[in-house]
1. If you stretched the chain out fully between Ser342 and Asn604, how much longer would it get, using 0.36 nm times the residue separation minus the C-alpha to C-alpha distance?
2. At 0.692 mPa s and 37 °C, plugging the Kirkwood radius over alpha-carbon pairs of region 352-457 into Stokes-Einstein gives what diffusion coefficient in µm²/s?
3. Highest mean first, how do 895-905, 959-969, 148-158 rank when packing is the count of other Cβ atoms within 10 Å averaged over residues?
4. What order, most packed first, do the peptides 455-463, 186-194, 722-730 have when packing is the mean number of other Cβ atoms within 10 Å of each residue?
5. Report the net charge of residues surrounding Glu780, where surrounding means a beta-carbon distance below 12 angstrom and charges are Lys +1, Arg +1, Asp -1, Glu -1.
6. At q = 0.19, 0.21 Å⁻¹, what base-10 log of I(q)/I(0) does the Debye formula yield for region 674-834 when every alpha carbon is treated as an equal point scatterer in vacuo?
7. How much accessible area per residue does region 858-979 have, in Å², with a 1.4 Å probe?
8. Sticking with the crude label model, points 7 Å out along Cα→Cβ, report the distance from Glu287 to Phe158 in nm, one decimal please.
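The values are calculated or read from the model by the stated rules, or taken from the named source; none is laboratory data. Bear in mind that the values here come from a model prediction, so they are computed numbers and not experimental data. Neighbour counts are summed over all protein chains in view; Cβ atoms, including those assigned to glycine, are modelled from backbone coordinates with ideal geometry. Just so you know, the surface numbers come from the protein's heavy atoms only, side chains and all, with ligands and any DNA or RNA stripped out. Shrake-Rupley method; radii C 1.70, N 1.55, O 1.52, S 1.80 Å.
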Amino acid sequence: MIKKQLVISPRRILCANSINSRRDRICFQAQSARRFSLLCFPSYLNTAPYNHVFYNFFRQVLLLLAALLIITSPVNAGNRPLRVVMDDNYPPFIFRAADGALQGILVDEWHLWQEKTGVPVQLDAMDWAEAQRRMDAGEYDVIDTLFMTPSRLQKYDFSPPHTRIEVPIFFRAEIKGISGISSLNGFPVAAKSGGATTQMLREAGISPVMEYPSYESIVQAAASGKVSVFVVDRPPAMFFLHKYAIADNFHQTEPFTVGKFHRAVHKGDTKTLDMVNKGFEQISQQEKQAIMRHWQGEEIPFAPLSRVLLMAFGVITLTALFLLAWTITLRRTVQSKVRELSTSESRLRALFFAIPDMVFRLDNNLKFLDYHAPESEKLAVPPDSLIGRTIHEILPPEVAAKAAAAQQSILRDNSSVQFEYDLILPDGSHHWFSARMCPGGEGEVVATVRDITERKRAEDALDEERQRLANIIKGTNVGTWEWNVQTGETAFNERWAEIIGYTLEELSPVSIETWMKHAHPDFLKTGGELLERHFRGELDYYEFEAPMRHKNGEWVWILDRGQVVEWMADGNPLRMSGTHQDITARKLVETELLAAKQAAEAANRAKSEFLANMSHEIRTPMTVILGYSELLEYTDLSDEQQEYNSEIYTSGNNLLTLINDILDLSKIEAEKLDITLESFSLRNCITELIPTQKLHIINKGLTHSIDIPVEVPDALVGDPMRIKQVLLNLLSNAIKFTEKGTIKIDVSLIEHSGSNVLLDIAVQDTGIGIPAEKKAYIFEPFTQVDSTTTRRYGGTGLGLTISRRLAELMGGRLHVESQEEGGSTFVLRLPLAVAVRHIATEQQPEKTPLLRDGPPLMILLAEDTPTNFHYTTALLKKMGHEVAVVENGRAALEAINSDIFDLVLMDIQMPVMGGDKALCILRQREEKSGKHLPVIALTANALKGDSEKYLQMGFDGYLSKPATIKELAHEMIRVMNKNCTTHLSNKLI
């Protein structure tokens, strides 16, 4: 039975140094000879039954033969080596053996390329991200094992693809449902950092993507259970899955993508790319397949002993031939190498003098032997006094000590040392330098010195800026944070932790989970929504207020502000920065202010309720007082009784005016008094004031006049009721405080711009006037010129206060011009719009007589106050109608069932059942029966909006107590004309 052995030899391509390419090439090819010897003499020959001495003898002969071949072969020493870089952990294409040597398919292919082209190759392999970075920095000519992507096409020129690489999705066997890229959402996916696959995953919207530095680190994480899903190239994945014995634990999908390995050069370097491509074209398909078979594990059978002996004989013969060739060509080779070394030295010297840095050669005593200084003014001493002196004689002691310490380190470790120092140059300028010292051979040291003054200045400026920023942050007393949105990594400053009672050390390790752990859970959703809006570009900044749990268990309020400062290529946020500010004190103040506001609102509601109740309670008896006073006017009274009754009626109306003034002032202060805009006639509005005050004007023997120039537009838009209220108050005051003379109302057009006008309406009198020192007080509530004014002229001191505030609500103002004993002029300035249509002059309704001819109405009166229903019953009977009285809403509904009533007058606030509820039940009944009984709300509720409220509830009419006889008669006529037949409405007439 023939035994078989899998041959896998460690391979490594040595760098060809530009100074001695011959020596390095010999090493490179000697390495090749070693591989050849292993192929010809497998290691099993070193074991029984084969002789150990025999095996070593033939192996040494083979190595000698290879060395002779190399010596006699042509060497391209004058060429700079081709610098190639690639990933160092991509088996079986390239990876490291146990001793650190590079091996794999690509190592053998590049070795063969070097043999075909004669161009030395410097092959380096390292972490993939580092390899790309150093390639971009210009440290290498060629980068291998590279996928072609749009971004890479911007900076590289690519060779044709040389290897097809499948990239499947690997996942644990127990995970179900993963079939492609669309099924990865919700799974953390591992990928190699810097690879094209990582970028593709992010472009596909997969998140989170966990980056690892190498394929082996990903599989190690999978073996430890940290990774369940990963997307990597199939060859290295399978290699490491088998290496860690977990291949059976993972399944794989069809390839997520298929990539092709290229070799690439810097953009525009077509010469190098052509050289690389042509070199690989010289490698035959059979040679490539042989390399692939070797590294993919093809088995090689053991050779019999006869074959080994035959091979040994061939080696001896070849050795003799090589010795002969060496004798012939040695002289020619030596001469060629001397010429090449001379050329190389010239090139090296030219390169040396092209370096902008200063270079010094020193002996083992640190004495200057030679130097190169493009800018001699930067030397510490004049150039002619440098050679032959030591650094201790030239440089300051602290700098010399650094150099001496570097020399000791170089001699001990045979490695380079770098340090920085500063000098005061002979011209007095201060400069910073960076020195790099390395071995120069035979105890010498070579030092390269670069002027880094500008860099130091920039660093100092940056440090100052950082310190300034740190001082600002410290002065604002805010915490700062940075957040990697993709990985969750965060960085906080000490103040951030201090706000919630911790130190950073106590919170470490910190992440976004640290914030979420301490934030109030009820606020996390809102914060997340604000973040998403910022990520989508709807908000320029993220700003959020939330409580966080303090170390002592209390909640502190935080103002969290931030902004995305770095975005990914696919438009997703990468990094955010922001601040945390402790706003607990502000929140406490806001809470106190809110409590105070709520208390004020409660007090205002209580005041409004008090005023409403007061109005209701006063209006209820006023209904009786004014009503009976009116009824007495229709009886035969003596002159003395007539005078008494007139005083009663006047005093009652004065009390009613006071109530209305207080309610108006309350509504103004509560900002609940609305201005209603409508078209009106300015002349009607003013002239209608005179009849209301004409009797007072005549009784005092005064004259009056109204002057409205023709240029003043008559049809305007405003609130005529409030304008009348202000002017009536001013006119009433003018009459009240004038004993003789004239009352004037003058209108002036101040400005007319387009469809807007500015008017002054002045009410002028010749009365007692106002002292200058009192003008500022007359518009204050309950204030008059002096206490005797109230006693002499009456009034509450609210009229002017209400008038000024009404003027301001209408966008105008009210001011006074007056002199004591010289009369007063009150000017109302108003901005008004010009109406688009003419306003017809309103006709004053004729006075309605108390009694009318015609059939009487059957009226149901629902009223719980005896004095009110006695008065109302008497009034209605005087009008010729029949009246039935009930004391609550339930009794009213029972009475309505008799179906004998034409009209209901319903009080609202009654015991057992209120009038509003009774109406609701009545209207529900009527929806079934199809009937409709007119109902008028007769109530002491007289606040703004009450009329509209009751009409919307289903009442046909509304009267506020106390209602005059005329108001009651007109409302009854209006309601009955609207709801009843013509025959029935004639009962009222």
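1. Details: separation 262, 0.36 × 262 = 94.32 nm, distance 10.58 nm.
Between Ser342 and Asn604, full extension yields 83.7 nm more.
2. On the way: Rh = 13.9 Å.
Rounded, D is 236 µm²/s.
3. 959-969, 895-905, 148-158
4. Numbers: 455-463: 11.7, 186-194: 18.9, 722-730: 21.4.
Output ranking for 455-463, 186-194, 722-730: 722-730, 186-194, 455-463.
5. Values: positive: Lys774, Lys775, Arg804, Arg805; negative: none.
Taking every Cβ under 12 Å from that of Glu780, the sum is +4.
6. Values returned for q = 0.19, 0.21 Å⁻¹ are -1.25, -1.48.
7. Working: 5370 Å² over 122 residues.
Accessible surface, normalised per residue, equals 44 Å².
8. 2.5
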